[in-house]
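A short worksheet on the structure shown next.
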Amino acid sequence: MSGGGLHCSSASSRGMSSSSIQEKRILCVGLVCLDVVHVVKSYPVEDSDQRSVDQYASRGGNASNSATVLAILGQNSEYFGTLAQDSFELQAIEQDFRDKGIAYSNCIRIPNCICPNSAIIVNQENASRTIIHTNLNLPELTLSDFQTLNLKEYSWIHFEGRNLINVKEMIRYTKIHFPGLTVSVEVEKIGRNYEEFVPLADVVLMSKDIAKANGASRKEDVAAVFRGRLGVGAKLICAWGELGGMALDADGSISDCPAFPPPEGVIDTIGAGDTFNGAMIASLNLGKSLDKALITACKVAGAKVGVRGFQGLQEVFKHAD
C-alpha cells in the first residue's frame, strides 16, 4: 500500500490546473493511512534481531493508492475518507495528496483520533510483503458524511471494499439519486461478507482470493461462479496475479489477459492491486472497451511491480494498446 516516499513541495492546495477543474472527477472512497516500509534481506525469524537494508514512509490505503494511480494516469481524481485531525502524520499525508495532484478537501476530519498506519516488511529475496495494519479509533465514513458531497461533480465513484454496512448504503444512495453515475467497488478480502457488494455496482473489481473462496479455482471459472450474482448491465473484472486477469462484460462476453512481468524482475508488489484497479477505472472512464481496458490494467500493474512506488506508469498507460 505504498505510493513512494513522502516529501514536501510548493504544489497548489489541490494540485489541479484551471482546465482540469472543469472536468468531472473520479472519486475514490475508503482509507488513507501511513505506511512504514522495512526492506530486509530475508524474512525475519521470530524472536530474532536483524537490520533492515532500507526504510521509507509513504501514504497508503487502497482507495488512496488508486487515487494516486488515477492522477498519474492523467485522470482528475479525488480521495474521500476520514482523517485523524490531530495526528502528527496528517501534515505529511496532506502534502503528498497535494504533490500528486489529488483533491482531498472534502474529507471528514475527526479530532482525538490516531491515524491508521501499516508496518510493512518487504523481503528482498522474493519481493513478498507482510503487512501489519493498525487502526485503533478512527471512525469509518457514514452515509451522512457521503451525502455532504455534490455527486454531480463526479463521472465515477470507486468504493474500497471495507466498511460494509455504510458503503452499501452509499452505493444504494448513489444508484437511486444519481442513476447515470458509474459506481465501481473493490471486493478483495475474504471472510468479511464483502461478496454482498457484488450485486450493487456497475463495475466489480474482484481479487483472486475472493474468487477462490467462492469456488473459482481458476480464473477461467470466475464468470460461471459470479455471472448470476451481478447487477443488470454490470461488468466483473478479476485480477489473477502472475496469471493476469479476466473480465466478464455486460453482454456475457469474456476476456482473458496474461500477466506482463517486468523484464528486470519483481521489486515492489505493494499497491499492485490498487494499480490494477486504478488503470482499469481510468481506461473505462476514457471509453476503452472492456477487453482493451483489461490489457491496459495488466500491463500497468506488471510495470508497477518492477519499480518502487508508481514511477513511470503514465508511459506504459499511454502505449498499452
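The values are calculated or read from the model by the stated rules, or taken from the named source; none is laboratory data. Source: prediction; values computed, not measured. Here the Cβ is made from the backbone with ideal geometry for all residues, glycine too, and neighbour counts use every protein chain on show.
Just one of TYR43, TYR79 is touching a Leu at 6+ places or on another chain (Cβ under 9 Å) and not charged (D, E, K, R); which is it?
Working: TYR43 fails: touching a Leu at 6+ places or on another chain (Cβ under 9 Å).
Step by step, each of TYR43, TYR79 is checked, and only TYR79 is touching a Leu at 6+ places or on another chain (Cβ under 9 Å) and not charged (D, E, K, R).
Could you go through the range 207-227 and let me know if any residue there is without any contact (Cβ under 8 Å) to a residue 40 or more places away in the chain, β-branched (Val, Ile, Thr) and closer than 19 Å to ALA63 by Cα.
Within the range 207-227 (the criterion being without any contact (Cβ under 8 Å) to a residue 40 or more places away in the chain, β-branched (Val, Ile, Thr) and closer than 19 Å to ALA63 by Cα), the answer is yes, since at least one residue qualifies.
Across the range 292-312, what is the total count of residues that are at pLDDT below 95 and part of a helix (DSSP H, G or I)?
Qualifying residue count for the region: 0.
Could you list, in sequence order, the residues of the range 94-106 that are in contact with a strand residue (DSSP E or B) (Cβ under 6 Å, 6 or more places away or on another chain) and surrounded by fewer than 20 Cβ atoms within 10 Å (Cβ to Cβ)?
First, pick out the residues of the range 94-106 that are in contact with a strand residue (DSSP E or B) (Cβ under 6 Å, 6 or more places away or on another chain): 96, 102-104, 106.
Correct list: ASN106 only.
If you take the residues of the range 258-291 that are of a type in the set (Gly, Ala, Ser) and in a loop (DSSP other than H, G, I, E, B), which of them is farthest from the chain's Cα centre (by Cα)?
First, the residues of the range 258-291 that are of a type in the set (Gly, Ala, Ser): 259, 265, 271-273, 278-279, 282-283, 287, 289.
Restricting the remaining residues to those that are in a loop (DSSP other than H, G, I, E, B) gives 259, 265, 271, 287, 289.
On the way: ALA259: 19, GLY265: 23, GLY271: 7, GLY287: 20, SER289: 21 Å.
So, considering only residues that are of a type in the set (Gly, Ala, Ser) and in a loop (DSSP other than H, G, I, E, B), the one farthest from the chain's Cα centre (by Cα) is GLY265.
Just checking, how many residues over the range 138-159 are assigned to a strand (DSSP E or B) and of a type in the set (Ser, Thr, Tyr)?
Our first condition is that a residue be assigned to a strand (DSSP E or B); within the range 138-159, this holds for 154-159.
The next check asks that each one be of a type in the set (Ser, Thr, Tyr); those that pass are 154-155.
The total comes to 2.
Would you be able to tell me the number of residues in the range 93-120 that are without any contact (Cβ under 8 Å) to a residue 60 or more places away in the chain, part of a helix (DSSP H, G or I) and either polar (S, T, N, Q) or touching a Ser or Thr at 6+ places or on another chain (Cβ under 6 Å) (or both)?
Residues in the range 93-120 being without any contact (Cβ under 8 Å) to a residue 60 or more places away in the chain, part of a helix (DSSP H, G or I) and either polar (S, T, N, Q) or touching a Ser or Thr at 6+ places or on another chain (Cβ under 6 Å) (or both): 0 in total.
Per-residue answers, yes or no, for (1) assigned to a helix (DSSP H, G or I); (2) buried (at least 23 other Cβ atoms within 10 Å of the Cβ):
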| site | (1), (2) |
| --- | --- |
| GLU186 | no, yes |
| GLY191 | no, no |
| GLU195 | yes, no |
| PRO199 | no, no |
| VAL204 | no, yes |
| ALA211 | yes, yes |
| GLY215 | no, no |
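Evaluate the range 249-268: report whether one residue or more is at pLDDT below 95 and hydrophobic (A, V, I, L, M, F, W, C).
Yes - at least one qualifying residue is present in the range 249-268.
Being under 30 Å from MET280 (Cβ atoms), surrounded by 20 or more Cβ atoms within 10 Å (Cβ to Cβ), at pLDDT 95 or above and among the charged types (D, E, K, R): is that true of GLU78 here? Talk me through it step by step, then tell me what you get.
Working: under 30 Å from MET280 (Cβ atoms): yes; surrounded by 20 or more Cβ atoms within 10 Å (Cβ to Cβ): yes; at pLDDT 95 or above: yes; among the charged types (D, E, K, R): yes.
Judged against the criteria, GLU78 is a match.
Mind checking which residues of the range 245-277 are among the acidic types (Asp, Glu) and either over 16 Å from LYS208 (Cβ atoms) or buried (at least 18 other Cβ atoms within 10 Å of the Cβ) (or both)?
Of everything in the range 245-277, those that are among the acidic types (Asp, Glu) and either over 16 Å from LYS208 (Cβ atoms) or buried (at least 18 other Cβ atoms within 10 Å of the Cβ) (or both) turn out to be ASP249, ASP251, GLU264, ASP268, ASP274.
For the range 47-76, name all the residues that are in a strand (DSSP E or B) and within 21 Å of ASN163 (Cα to Cα).
ARG59, GLY60, listed by residue number.
Can you find, within the range 77-92, the residue that is nearest to ILE132 (Cα to Cα) among those that are touching a Phe, Trp or Tyr at 6+ places or on another chain (Cβ under 9 Å) and not in a loop (DSSP other than H, G, I, E, B)? Don't jump to the end; show me each part of the working.
Step one: list which residues in the range 77-92 are touching a Phe, Trp or Tyr at 6+ places or on another chain (Cβ under 9 Å), which gives 78-81, 83.
From what is left, the residues that are not in a loop (DSSP other than H, G, I, E, B) are 78-80, 83.
On the way: GLU78: 26, TYR79: 23, PHE80: 23, LEU83: 20 Å.
The selected residue is LEU83.
Determine whether PHE276 is under 24 Å from GLU78 (Cβ atoms), in contact (Cβ under 8 Å) with a residue 24 or more places away in the chain and among the aromatic types (Phe, Trp, Tyr).
Values: under 24 Å from GLU78 (Cβ atoms): yes; in contact (Cβ under 8 Å) with a residue 24 or more places away in the chain: yes; among the aromatic types (Phe, Trp, Tyr): yes.
It is true that PHE276 is under 24 Å from GLU78 (Cβ atoms), in contact (Cβ under 8 Å) with a residue 24 or more places away in the chain and among the aromatic types (Phe, Trp, Tyr).
Is at least one residue of the range 103-110 charged (D, E, K, R), within 20 Å of the chain's Cα centre (by Cα), modelled with pLDDT of 95 or more and within 30 Å of VAL203 (Cβ to Cβ)? Before you say what the answer is, go through the steps one by one.
Going through the range 103-110, the residues charged (D, E, K, R) turn out to be 109.
From the residues that got through so far, the ones that are within 20 Å of the chain's Cα centre (by Cα) too are none.
No.
Give me the pairs: first residue in the range 121-147 and over 11 Å from HIS38 (Cβ atoms), second residue among the aromatic types (Phe, Trp, Tyr), beta-carbon distance under 8 Å, and six or more apart or on different chains, which are they?
Going by the 8 Å Cβ cut-off, the qualifying pairs are GLU125/TYR43; SER128/TYR43; LEU141/PHE80; LEU143/TYR173; PHE146/PHE80; PHE146/TYR173; GLN147/TYR173.
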